[in-house]
Amino acid sequence: HIDRDPDFLYSPSSEITDITVAPVLNIALMCSLGGPGTSGQASALDLTSNRFICSHPVARGNVWSACWLGNTTPPRLVIGASREAYVQTLGETNRTLQTLYTNKSDVMCVRAFARGDTVLTGTRNSALICHDLRSSVPSFTLEHQSSVGDVTVLRNDMGVVVTALNGQVVQWDVRTLRHVIAYEGHTNDYARVKMKVDEKEHLLFIPGNDLFTRIWCLSTGVLLNALPPPHPDAIIANHNVPAVEVGLNWAGHYPGFAIAASGLLHWYAF
């Protein structure tokens, strides 16, 4: 149970929709919805000095997701918002470098390839769109059964794993534009849930809205385990879908994963 005072506290004016960290910069991007009279924004927080850097507000609507665009100097970010996505330079909050075509659909998730010139946007209208930032038109579009909730780019930049809000989970080969693996058994009807892949890319972890966290073999799609919620009564009462984090170096050298729900953090060793 974590109950100590935080080192740093930043409170946005509306619900947080996504957080992503740039490991080299040690800067976090925190996305938030808009509220009455305000639009959504992506806020940058320096995790080394525990200070607020800046906010990137959008002209209208919500901000659902953001990602860093490679290791560029100065740092650039992609913001997934209502009806479109934007490429901006960190700190230049009033200047958009590029607007990405999303067929006027809300952008629920964004991810960049390691090479830094290619971005994926997952949209509410069930499309995963690939953008080569050197071109003004999308490279390709992959259709899904419902709204795209999350996408993970694998290390080789040749495969991506996509979750849809109806429970569909598939791995695509972006060279052939075919889905090569289906991960069966995930339960979802409505929630944007975050998947996690371990650093060696052996395992895929996804919490479901039935509150079970499922683990698949990433390379075969075989379902290996379905972990029940650690404290079912407390979690069900709050309708909280658990969050999962995976790592090889917990406390410096312990490999495992953590499930967080209802103010509790439960750690499992590999």
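The values are calculated or read from the model by the stated rules, or taken from the named source; none is laboratory data. Please read all numbers here as calculations on a predicted model, not as lab measurements. Virtual Cβ from ideal backbone geometry, glycine too; neighbours counted across all protein chains shown. To get the accessible areas, we keep the full protein, side chains included, count just its heavy atoms, and leave off ligands, DNA and RNA. Shrake-Rupley method; radii C 1.70, N 1.55, O 1.52, S 1.80 Å.
Ordered by solvent-accessible area of protein heavy atoms (1.4 Å probe), largest first, the residues 250, 216, 267 come out as 267, 250, 216. Entry note, the chain: the mean residue ellipticity at 222 nm calculated from DSSP H runs of n ≥ 4, each adding -39500 (n - 2.57), is -500 deg cm²/dmol after division by the residues and rounding to the nearest 500.
Segment residue 166..residue 50, full-extension length gain: 38.0 nm, with 0.36 nm per residue of separation and the alpha-carbon distance subtracted. Approximating the spin labels as points 7 Å out from Cα along Cα→Cβ, the residue 245-to-residue 156 distance works out to 3.0 nm. Local charge for residue 82 was computed over the other residues whose Cβ lies under 11 Å away, with Lys and Arg +1 and Asp and Glu -1, and equals +2.
The order of 141, 89, 48 by accessible area, most exposed first and with a 1.4 Å probe, is 48, 141, 89. Of the Cα atoms belonging to the range 111-262, the radius of gyration and Dmax stand at 16.0, 51 Å. The residues 104, 194, sorted by heavy-atom accessible surface at 1.4 Å with ligands and nucleic acids left out, run 104, 194 from largest to smallest. The value obtained for the chain, namely the Cα convex hull volume divided by the number of residues, is 139 Å³ per residue. For the peptides 37-43, 77-83, residues were scored by their other Cβ atoms within 10 Å and the scores averaged per peptide; the highest-first order is 77-83, 37-43.
Which residue, 144, 179, 131, has the most motion in a Gaussian network model of the chain that connects Cα atoms within less than 10 Å? Result: 179 has the largest fluctuation of those listed. Using R0 = 22 Å, the C-beta based FRET efficiency linking residue 200 and residue 265 works out to 0.45. The calculated FRET efficiency for the pair residue 137 and residue 231, based on their C-beta separation and a Förster distance of 51 Å, comes to about 0.55.
Near the amide H of residue 40, within less than 5 Å, lie the amide hydrogens of 34, 58, 61, 62, 63, all on another chain or at least 5 residues away, with H placed in the peptide plane. Projected onto its three principal axes, the C-alpha set of the range 138-192 covers 30, 23, 17 Å, listed from the longest axis down.
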